[in-house]
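A.B. asks: Just passing along the structure, written as structure tokens.
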Amino acid sequence: MTVPATMSCVQLTRHGGPEALVWRDDIPVPRPKAGEVLVRVLAAGVNMTDINTRIGWYGEGRAAGWSGQMGFPRIQGSDMCGRIVALGDGVEGLDLGARVICPTNQHEPTAENPIAFVSIGSEFDGAFAQYCLVAARHLHDVSASALTDIEIGAMPCAYGTAHNLLTRAHVAVGERVLVTGASGGVGLAAVQLAVLRGAEVTGQCSLAKSAPLRAMNVAVLGRDSEPPARSFDVVIDVVGGDGWQARLDALRPGGRYATSGAVAGPMVTGDLRRVYLNDLTIYGATHQPREVFAGLVTIINAARLRPVVSQTYPMRDIARAQADLAAGRYPGKLVLIPSESDA
């Protein structure tokens, strides 16, 4: 396959607002080193994690990415569906032309930290470009899937996060599950995946954006409503902020609460007595073991569900796409398409 010398991309030049995103047409296409793969990006989902990384939210305002200090300029993009166009030395088990994805958070354990990870688009350049490099060990082949490039490009971050939340919380057939932020990317993914597991799901979200939930015959609770007490086995929460205690109180004794986000605010107030007196278990869910993401890949390759993609944008329109995401204008996922893509 012919690979050009230069490519188009969006570079993040510093932490800040959308003005920190710069379109470039003259960036050299990277060449894979040993163990690496060059992927032509077909579609790249838009996620809150990209916005949070851009503004330095993970470092509480300091210059930080997911796992620490970021280098600039950085090509962001935590979601990717792409096609392999070059293989570095020693790469086995992956073929030129294969359609691939990778997890956002990639497990790179150290002696000091067995759950250490690096994140695409944060610690190394990501998918907001025509091409990106990924370590071969983190790639998964999705060539067999009947899903489109755009649908698959919407899934790694949101659906990987949701699948990890449900796995950590041990969601099982017949359990009653409350999902907050259920019209957003991760929330709607958690609803779909929980239904796939045979759970009885209630989604909490804006009623104006609840149509995808109702289409799945999922119960809907208004965003500002208080969930009924002692009614759920599991709460999957990506909202945080006010109402956190009410979500804990919505759990039955012995219930499980899992979180991977705080779109309404990271600071919460609660009563620890209600946690231990009701034998509740709280899970934070960021680290994804390889086998968890591999389980999602199996679902993708079998096309057992289709993500809700509300809008697509040329990659050059990234600022508009991120503004739409931050404002919550659409349910489900938004996806960027690189120029010269055949997605």
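The values are calculated or read from the model by the stated rules, or taken from the named source; none is laboratory data. Predicted model only: the values in this text are computed from it and were never measured. Every residue, glycine among them, receives a Cβ derived from its backbone with ideal geometry; neighbour counts consider all protein chains shown. Heavy atoms of the whole protein, side chains included, go into the accessibility calculation; ligands, DNA and RNA do not. Shrake-Rupley method; radii C 1.70, N 1.55, O 1.52, S 1.80 Å.
A.B. asks: Take the conditions modelled with pLDDT of 95 or more and assigned to a loop (DSSP other than H, G, I, E, B) and apply them to residue 173. Does it pass?
C.D. replies: Answer is yes for this residue.
A.B. asks: Same structure, new question: I need the full set of residues from segment 113-139 which are surrounded by fewer than 24 Cβ atoms within 10 Å (Cβ to Cβ), under 21 Å from residue 292 (Cα atoms) and more than 16 Å from the chain's Cα centre (by Cα), in order please.
C.D. replies: Within segment 113-139, 113, 114, 115, 116, 135, 136, 137 meet the criteria.
A.B. asks: For residues that are more than 23 Å from residue 94 (Cβ to Cβ), among the β-branched types (Val, Ile, Thr) and within 22 Å of the chain's Cα centre (by Cα), tally how many sit in segment 25-57.
C.D. replies: Final tally of qualifying residues: 5.
A.B. asks: Quick one: would you say residue 269 is closer than 27 Å to residue 52 by Cα and more than 25 Å from the chain's Cα centre (by Cα)?
C.D. replies: In short, yes.
A.B. asks: Turning to a different aspect of this structure: From the list 195, 239, 220, 234, which one is crowded, with 22+ Cβ neighbours inside 10 Å, outside any loop (DSSP other than H, G, I, E, B) and in contact (Cβ under 8 Å) with a residue 12 or more places away in the chain?
C.D. replies: 234
A.B. asks: Hey, another quick one. Residue 288 versus (1) touching a helix residue (DSSP H, G or I) at 6+ places or on another chain (Cβ under 6 Å); (2) modelled with pLDDT of 95 or more: which is the lone unmet condition?
C.D. replies: Going through (1) touching a helix residue (DSSP H, G or I) at 6+ places or on another chain (Cβ under 6 Å); (2) modelled with pLDDT of 95 or more one by one, residue 288 breaks only (2).
A.B. asks: For segment 4-17: of the residues being surrounded by 14 or more Cβ atoms within 10 Å (Cβ to Cβ) and touching a residue at least 60 places away in the same chain (Cβ under 8 Å), which is farthest from residue 95 (Cα to Cα)?
C.D. replies: Result: 12.
A.B. asks: Does any residue in segment 126-151 that is touching a residue at least 24 places away in the same chain (Cβ under 8 Å) and closer than 13 Å to residue 27 by Cβ come within less than 7 Å, Cβ to Cβ, of a residue that is among the β-branched types (Val, Ile, Thr) and assigned to a loop (DSSP other than H, G, I, E, B) six or more places away or on a different chain, and which pairs are these?
C.D. replies: 131/29
A.B. asks: Give segment 198-217 a look and list any residue that's part of a helix (DSSP H, G or I), more than 18 Å from residue 305 (Cβ to Cβ) and either open to solvent by less than 20 Å² (accessible area, probe 1.4 Å) or of a type in the set (Gly, Ala, Ser) (or both), or say none.
C.D. replies: Of everything in segment 198-217, just one residue is part of a helix (DSSP H, G or I), more than 18 Å from residue 305 (Cβ to Cβ) and either open to solvent by less than 20 Å² (accessible area, probe 1.4 Å) or of a type in the set (Gly, Ala, Ser) (or both), namely 208.
A.B. asks: Further question: What single numbered condition from (1) among the small types (Gly, Ala, Ser); (2) at pLDDT 90 or above; (3) more than 20 Å from the chain's Cα centre (by Cα); (4) open to solvent by less than 70 Å² (accessible area, probe 1.4 Å) fails to hold for residue 82?
C.D. replies: (3)
A.B. asks: Right, something else. Of all residues in segment 248-269, count the ones that are open to solvent by less than 20 Å² (accessible area, probe 1.4 Å) and either aromatic (Phe, Trp, Tyr) or not in a loop (DSSP other than H, G, I, E, B) (or both).
C.D. replies: Final tally of qualifying residues: 5.
A.B. asks: Which ones in segment 292-343 are in contact with a Cys (Cβ under 9 Å, 6 or more places away or on another chain), assigned to a loop (DSSP other than H, G, I, E, B) and surrounded by 21 or more Cβ atoms within 10 Å (Cβ to Cβ)?
C.D. replies: 331, 338
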